[in-house]
Amino acid sequence: MFLYVLACGVLLYLWWRIRDGLKINSIEDKYIMITGCDTGFGNFAARTLDKKGFRVLATCFTESGAAALKRETSRVKIILLDVTCEDNVKSVSKWVKHEVGEKGLWGLINNAGIMGTLAPIDWLTIDDIRAPIEVNLLGLIHVTLSVLPLIKKAKGRIVNVSSVGGRVAASGGGYFSSKFGVEGFNDSLRRDMKAFGVKVSCIEPGLFKTPLSDPKRVLEQRIALWRQLPKTIQDEYGENYVQIDAAMKQKLNYIRNSDLSLVVWCMDHALTSLHPRTRYSVGTDATFLWIPLSFMPTFIQDYFILKNKVKIPTTE
């Protein structure tokens, strides 16, 4: 019986590997749009997928980011985009429609995102919470809706960059709320678009070495926030809370992934595979820590996460 089950498992795995490796015929005539190409995953993806042969339409948030990407590529067409600005999103969607013409848009990679302020919830204002939600979730949804008719026309692909933070909320801040929202939107969109031949995938990177997750910037931001807190909250958390927390988080540097190509491979596969995966979890920490933890009972998640937080004096 054991050998029979093992044989079935091996055959199923081989079938999945063969199916996973089947590719579309050509990409040279296919347009893809990538948001957030100033740095990080988006920048790497624009350069990589351009070399691969796609017709890349890249959006950048800053003029300096756009200028740098233009210097690094030859065929990529670049436009500035603030995903939180309604008029800007509308004008960019018109530009995309003009560029792709009757072919439609084969792929959209929703990559633009910000970390926002990561800190205990009672340190934050509603504006701190709102900022990453407006960019990471509402901006992503708005961009998708603005070009969705072009993607339906091409029977193309949508790739939403979420995070393992959309599976497990390891800290306070609007970032995790925004990524949980992306996961929900992604699932709804995938099911709604199936009838139109549009395939929707979600990428869940772990912790990578990008400007988004720069530990020095996060620490500086938290120190500045701490100095603005009322004395009552500072007393609740303890005088050295920020320093102790920063020291504990140093261990995260050991699990931060440095190879951005791992994420871009997922984007590439989602765009070129005949049978793209619905989810791509990528990164050592995602594979061996966060994704397994997300399937654990809540009390186990709480124990693990709280074990790695600073003890609050008032709760001892």
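Does N110 satisfy the condition of being within 26 Å of R190 (Cα to Cα), at pLDDT 95 or above and in contact with an Asp or Glu (Cβ under 8 Å, 6 or more places away or on another chain)? When the stated conditions are applied, N110 does not pass them.
A154 meets the conditions (1) within 20 Å of the chain's Cα centre (by Cα); (2) within 30 Å of S26 (Cα to Cα) in every case but one. The failed one is (1). Taken over the stretch 182-229, the criterion of being of a type in the set (A, V, I, L, M) and outside any helix (DSSP H, G or I) is satisfied by V198, V200, I203, L207, L229.
K155 passes every criterion in (1) basic (K, R); (2) open to solvent by less than 40 Å² (accessible area, probe 1.4 Å); (3) on the phi > 0 side of the Ramachandran plot apart from (2).
Condition first: of a type in the set (D, E) and without any contact (Cβ under 8 Å) to a residue 60 or more places away in the chain. Can you find one or more residues in the stretch 50-65 that meet it?
Taking the stretch 50-65 and keeping what is of a type in the set (D, E), we get 50, 63.
If we keep only those that are without any contact (Cβ under 8 Å) to a residue 60 or more places away in the chain too, we end up with 50, 63.
Checking the stretch 50-65: at least one residue is of a type in the set (D, E) and without any contact (Cβ under 8 Å) to a residue 60 or more places away in the chain.
Can you name every residue in the stretch 96-111 that is touching a strand residue (DSSP E or B) at 6+ places or on another chain (Cβ under 7 Å) and either more than 14 Å from V182 (Cβ to Cβ) or part of a loop (DSSP other than H, G, I, E, B) (or both)? Residues satisfying the conditions are V96, E99, V100, K103, L105, W106, G107, N111.
Do we find that Y237 is over 27 Å from T210 (Cβ atoms), more than 24 Å from the chain's Cα centre (by Cα), at pLDDT 90 or above and crowded, with 18+ Cβ neighbours inside 10 Å in this structure? Yes, satisfied.
Scan the stretch 230-266 for residues that are part of a helix (DSSP H, G or I), within 23 Å of T125 (Cα to Cα) and without any contact (Cβ under 8 Å) to a residue 40 or more places away in the chain and the total you get is 7. Considering only residues in the stretch 174-188 that are free of Cβ contacts under 8 Å to residues at least 24 places away in the same chain and of a type outside the set (S, T, N, Q), the one that is surrounded by the fewest Cβ atoms within 10 Å (Cβ to Cβ) turns out to be G184. The residue that is surrounded by the fewest Cβ atoms within 10 Å (Cβ to Cβ), among those in the stretch 116-127 that are in contact (Cβ under 8 Å) with a residue 60 or more places away in the chain and in a helix (DSSP H, G or I), is D122. Restricting the stretch 267-298 to residues that are assigned to a helix (DSSP H, G or I) and either closer than 14 Å to S213 by Cβ or aromatic (F, W, Y) (or both), the residue that is most open to solvent (accessible area, probe 1.4 Å) is F288. The sole residue among K307, K251 that is under 29 Å from G36 (Cβ atoms), among the charged types (D, E, K, R) and open to solvent by 50 Å² or more (accessible area, probe 1.4 Å) is K251. Among the residues of the stretch 191-219, count how many are open to solvent by less than 70 Å² (accessible area, probe 1.4 Å) and either hydrophobic (A, V, I, L, M, F, W, C) or touching a Lys or Arg at 6+ places or on another chain (Cβ under 8 Å) (or both). Selection size over the stretch 191-219: 15. Based on what the data block shows, is L229 of a type in the set (A, V, I, L, M), more than 27 Å from T278 (Cβ to Cβ) and open to solvent by less than 50 Å² (accessible area, probe 1.4 Å)? For L229, the condition - of a type in the set (A, V, I, L, M), more than 27 Å from T278 (Cβ to Cβ) and open to solvent by less than 50 Å² (accessible area, probe 1.4 Å) - is met.
Filtering the stretch 1-42 down to residues that are assigned to a helix (DSSP H, G or I) and either of a type in the set (V, I, T) or in contact (Cβ under 8 Å) with a residue 40 or more places away in the chain (or both), which residue is least open to solvent (accessible area, probe 1.4 Å)?
Among those that are assigned to a helix (DSSP H, G or I) and either of a type in the set (V, I, T) or in contact (Cβ under 8 Å) with a residue 40 or more places away in the chain (or both), it is G42.
If you go through the stretch 43-84 and pick out every residue that is crowded, with 21+ Cβ neighbours inside 10 Å, within 19 Å of the chain's Cα centre (by Cα) and in a helix (DSSP H, G or I), you end up with 4.
The values are calculated or read from the model by the stated rules, or taken from the named source; none is laboratory data. In this text, all values refer to a predicted model and were calculated from it rather than measured experimentally. Methodologically, a virtual Cβ is constructed for each residue, glycine included, from the backbone with ideal geometry; neighbour enumeration extends over all protein chains shown. Surface areas here come from the heavy atoms of the whole protein model, side chains and all, with no ligands, DNA or RNA. Shrake-Rupley method; radii C 1.70, N 1.55, O 1.52, S 1.80 Å.
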